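The next block holds one structure in the form of structure tokens; read it before the comments.
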Amino acid sequence: MHQKVLDGDAILKLWRKGSEKWNEWVRLHPAWTLSFAGADFSKEYDAEGKISFADFYFGAGTIDFSSVHFGDGNIDFSRSIFGNGNIILHRSNFGSGVTLFNSVQFGNGDIDFSQANFEKNTILFSKCEFGDGNVNFERSSFVESRLSFNNCSFGNGDVSFISAILADEVDVADTKFGNGTIDFTDAVFGGSNVNFFATNFGVGPVIFERTAFGNCDVSFFDTKFGDGHVSFSSATFGSGKLSFSKVVFGEGNVDFSNAELGDGDKNFLETNFGTGNVYFVDTNFGNGNISFSAAEFGVGNINFSNAFFGVGDVSFVASSFIEGNIDFSEAIFSTGNKSFSNVKFGDSNLIFRNTDFSSGEVNFFRSIFDQGDIFFFTTKFNDCKLLFDHARFSTLSFKPETFENGQFVAEGMSVEKIAIIQFPPSSQNVKTCSLKGASFNGPVFLSGSLTIVPDLRSVQATHQIELSELKVKLRRVPRTKSWCKSCFSIAEDPSDAARLRRLKEIAETNKDHQAALRFSANENRARRWIEASSLSSTLDLTFDIFSDYGQKILRPFMNLLAISGSSALLYKLLAPVTEHPQENIWGHAATLAASNSLPFLPQSSSLRDDAIEALYCNAPSLLVDAIMIGQGTLSFIFLFLIGLGLRNRFRL
């Protein structure tokens with residue numbers, strides 16, 4: 001059957017009669033196609049500068065406004081009712097002015113605004129009701145305009161703004177979308193304000209891929225997404241504030257991969273990310289503060305790999321995870337604090353592989369892992385304060401690549417399975433390392449070369465605490481302005497002695513004698529001139545200088561040789577001039593010195609007597625006797641130190 005059409009001058013004449021006559025005619029001809037295609041309304045404005053379609057009823061046929069030129073002025077479609085036919089406004093041109101579609105009822109037909117031009121216009125679709133047909137604004141232009149879909153209701157058709165150039169101010173607050181695909185791919189928003197406050201999306205995909213939001217504030221506050229995939233992949237945001245606070249995502253994936261989030265503050269406060277995977281892969285968060293505080297993540301994986309966080313604080317305070325992996329591999333954090341305090345990680349594994357934390361505080365205070373583990377592999381820290389106070393982990397693996405000028409504080413921390421804390425070579429400038437009051441229900445491996453003394457006081461462990469690869473250096477400062485500052489230096493921190501005592505106790509429990517010796521030596525140095533008296537400190541200093549507290553063998557051995565050689569020289573010089581050749585005198589002097597240094601050998605007594613007879617005719621002077629007594633005493637001391645060193649070196 002041939003479709004009847006009302007168009008040309010006939011439809012314009014009917015329209016000029018107003019809504020009452022129009023509606024009367026349409027009710028008599030409800031299925032007709034009504035076509036204004038190509039019409040020029042620029043000379044149809046009334047005395048008030050308005051073109052009105054307000055309260056018009058358009059029937060059930062196709063309505064065609066394609067390529068219509070409305071000119072500059074106000075156009076009013078308020079309260080109009082469209083039937084189930086298609087509505088075509090393709091390439092229609094709305095000039096500057098105000099265009100009202102307030103409270104319009106659209107039927108279930110498709111609506112086509114593709115390539116329509118609304119430049120320098122205010123376009124209001126407030127409280128409109130769209131049917132189940134598709135709504136198409138592809139490549140439409142709203143330059144220097146204001147666009148509002150406030151409190152609208154869309155049916156289950158697809159809604160497309162692909163490649164549209166949208167208004168400086170866009171308001172979609174309190175709007176409800178159906179279950180179709182909502183697509184803003186390659187759309188461009190202006191630079192004033194974008195508002196999706198309390199918007200509801202259905203179960204279809206929501207796509208903002210490669211969308212440009214300009215330098216404006218963007219708000220999705222209290223928005224609810226359905227179970228479809230939500231993508232902001234490769235979207236760009238400017239310098240305005242970005243809010244996804246209290247947003248609820250459904251069962252689909254949430255994707256911000258490769259997005260540029262601009263330099264304003266980014267807020268995901270109390271956001272519920274649903275049960276799908278969440279992707280922030282290669283996302284550039286720009287400068288500004290970033291908050292995921294009190295956010296809820298579901299069972300999906302959370303991926304922040306290769307993300308860049310600019311200058312500003314990053315907060316996940318009081319957020320919660322269930323069981324998916326949380327991956328920050330290759331992510332870069334700039335200057336600012338990073339807080340994961342009071343986070344419930346559930347059974348999720350948290351991975352920081354090759355992550356760069358730069359400077360600032362990294363805080364895991366009171367964070368809780370149930371069956372999940374936390375891994376720091378080849379992570380970079382620079383002047384960071386890393387806090388694990390009262391945190392609870394299943395497994396902790398800390399193997400950073402750099403930890404320069406950092407602080408490691410884990411007081412009251414608890415680890416259920418295994419804890420590996422391995423400081424890299426760059427940790428020599430670590431300022432603090434404290435596990436005071438921590439508890440471990442599995443083995444603990446603590447290693448690295450530190451220039452401070454780690455604090456393990458009150459640590460409770462059910463398994464061995466392995467310290468064999470831990471080297472510490474006691475920091476000391478001059479006690480006085482004496483010429484020998486190293487001799488009279490004291491521990492920079494008076495608590496170091498107690499810390500070293502605890503390390504020694506752990507090493508002794510582990511039967512690690514070498515580590516226990518190292519810690520005991522440093523403990524004595526820390527006590528010197530502070531806890532010990534002057535006499536005790538002097539003896540302690542002597543013990544340290546000549547044998548490193550019994551840890552050195554070569555040092556007392558060389559001193560023994562030096563004493564023997566010096567004594568031989570003195571014995572030769574003090575011998576009276578005789579007719580014996582010089583070689584014999586040197587030989588007797590060396591024999592006397594050797595026998596005096598090693599008196600316990602069977603031949604020592606006879607050799608000494610023969611040497612005294614040859615050198616001094618059995619009548620050595622008082623000075624020679626004094627030298628022999630002194631040599632014997634010092635030799636005994638150095639022999640004792642050599643024996644102590646051998647015992648400590650080969651002790652089982």
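The values are calculated or read from the model by the stated rules, or taken from the named source; none is laboratory data. This one's a predicted model, so the numbers in the text were calculated from it and none came from an experiment. FYI the Cβ positions are ideal-geometry reconstructions off the backbone, even for glycines, and counts take in every protein chain you see. Calculation scope for accessible area: heavy atoms of the full protein, side chains included, ligands and nucleic acids excluded. Shrake-Rupley method; radii C 1.70, N 1.55, O 1.52, S 1.80 Å.
Is the shape of segment 197-253 best called rounded, prolate or oblate, per the rule: a/c under 1.5 gives rounded, else a/b larger than b/c gives prolate, else oblate, with a ≥ b ≥ c the square roots of the Cα gyration tensor eigenvalues?
In terms of gyration-tensor shape, oblate.
Rolling a 1.4 angstrom probe over the protein heavy atoms, how many square angstrom per residue are accessible across the chain?
Here the per-residue accessible area is 43 Å².
Which of rounded, prolate, oblate describes segment 239-286, given a ≥ b ≥ c as roots of the alpha-carbon gyration tensor eigenvalues and a/c under 1.5 marking rounded, otherwise prolate only if a/b is larger than b/c?
Since a/c reaches 1.5 but b/c is at least a/b, the shape of segment 239-286 is classed as oblate.
So how do Trp586, Trp22 rank on accessible area, 1.4 Å probe, biggest first, that is with the largest at the start?
Final ranking, largest accessible area leading: Trp586, Trp22.
For the pair Val143 and Leu539, how long in nm is the line joining their label points, each one 7 Å along Cα→Cβ?
Rounded to a tenth, the inter-label distance reads 9.4 nm.
Grab the DSSP H runs of the chain that are 4 residues or longer, score each as -39,500 (n - 2.57), total them, divide by all residues and round the 222 nm result to the nearest 500 deg cm²/dmol.
That calculation yields -7000 deg cm²/dmol at 222 nm.
What accessible area, in Å² to the nearest ten, does a 1.4 Å probe give for His90?
50
Near Val247, within a Cβ-to-Cβ distance under 13 Å, what is the net charge of the other residues, with Lys and Arg +1 and Asp and Glu -1?
0
Counting only Cα atoms, I'd like the Rg/Rh figure for the chain, Kirkwood definition for Rh.
So for the chain, dividing Rg by the Kirkwood Rh gives 1.36.
Give the separation of the Cα centroids, segment 61-125 to segment 286-305, in Å.
Segment 61-125 and segment 286-305 have Cα centres separated by 40 Å.
Angle check, please: helix 496-509 long axis (alpha carbons) against the longest principal axis of the chain (alpha carbons), in degrees 0 to 90, nearest 10.
Roughly 80 degrees, rounded to the nearest 10.
What is the set of long-range amide H partners of Lys385 at a cut-off below 5 Å, with H atoms built 1.01 Å from backbone N?
Result for Lys385 returns Gly360, Glu361, Val362, Gln407.
So between Phe600 and Asn23, what do we pick up on full extension, going 0.36 nm a residue minus the alpha carbon distance?
Computed gain between Phe600 and Asn23 is 194.7 nm.
How high is the relative contact order of segment 173-256, in percent, with contacts defined as C-alpha pairs under 8 Å that are six or more residues apart?
Relative contact order, segment 173-256: 28 percent.
Classify segment 80-148 as rounded, prolate or oblate from the Cα gyration tensor: take a ≥ b ≥ c as the square roots of its eigenvalues, call it rounded if a/c is under 1.5, otherwise prolate when a/b beats b/c and oblate if not.
oblate
How far, in nm, would the chain grow between Arg475 and Val299 when pulled straight, counting 0.36 nm per residue and subtracting the alpha carbon separation?
Result for the pair: 58.6 nm of gain on full extension.
Of all accessible surface on the chain at a 1.4 Å probe, what whole percent is carbon and sulfur?
Accessible surface attributable to carbon and sulfur in the chain totals 51 percent.
Roughly how tilted is helix 582-597, in degrees to the nearest 10 and between 0 and 90, from the longest Cα axis of the chain?
70
Would you grab the residues whose amide H sits under 5 Å from the one on Ala307? Only those 5+ places off in sequence or on another chain, please, with H modelled 1.01 Å from N.
Asp282, Thr283, Ala331, Ile332
At R0 = 60 Å, how high is the FRET efficiency between Ser96 and Asn429 if r is their beta carbon distance? Nearest 0.05 is fine.
It comes to 0.40.
Whole-Hz Karplus ³J(HN,Hα) for segment 340-345, in order, using 6.51 cos²θ - 1.76 cosθ + 1.60 and θ = phi - 60°, x for Gly and Pro?
Karplus values, whole Hz, x for Gly and Pro: 10, 6, 6, 8, 9, 8.
What does the charge count near Arg353 come to, summing +1 for each Lys or Arg and -1 for each Asp or Glu among other residues with Cβ under 14 Å from its Cβ?
Overall, the nearby charge balance is -3.
Report the local net charge at Ala410: Lys and Arg +1, Asp and Glu -1, summed over other residues whose C-beta lies under 9 Å from its C-beta.
-1
Residue by residue through segment 184-196, what is 3J(HN,Hα) from phi via Karplus (6.51 cos²θ - 1.76 cosθ + 1.60, θ = phi - 60°)? Round to whole Hz and write x for glycine and proline.
10, 4, 6, 6, 10, 8, x, x, 10, 7, 10, 10, 10
So what is the relative contact order of the chain, in percent, for Cα pairs below 8 Å that sit 6 or more residues apart?
4
Can you tell me the 0 to 90 degree angle between the C-alpha axis of helix 604-616 and the longest principal axis of the chain, rounded to 10?
Taking the Cα atoms of the chain, the angle to 604-616 is about 60 degrees.
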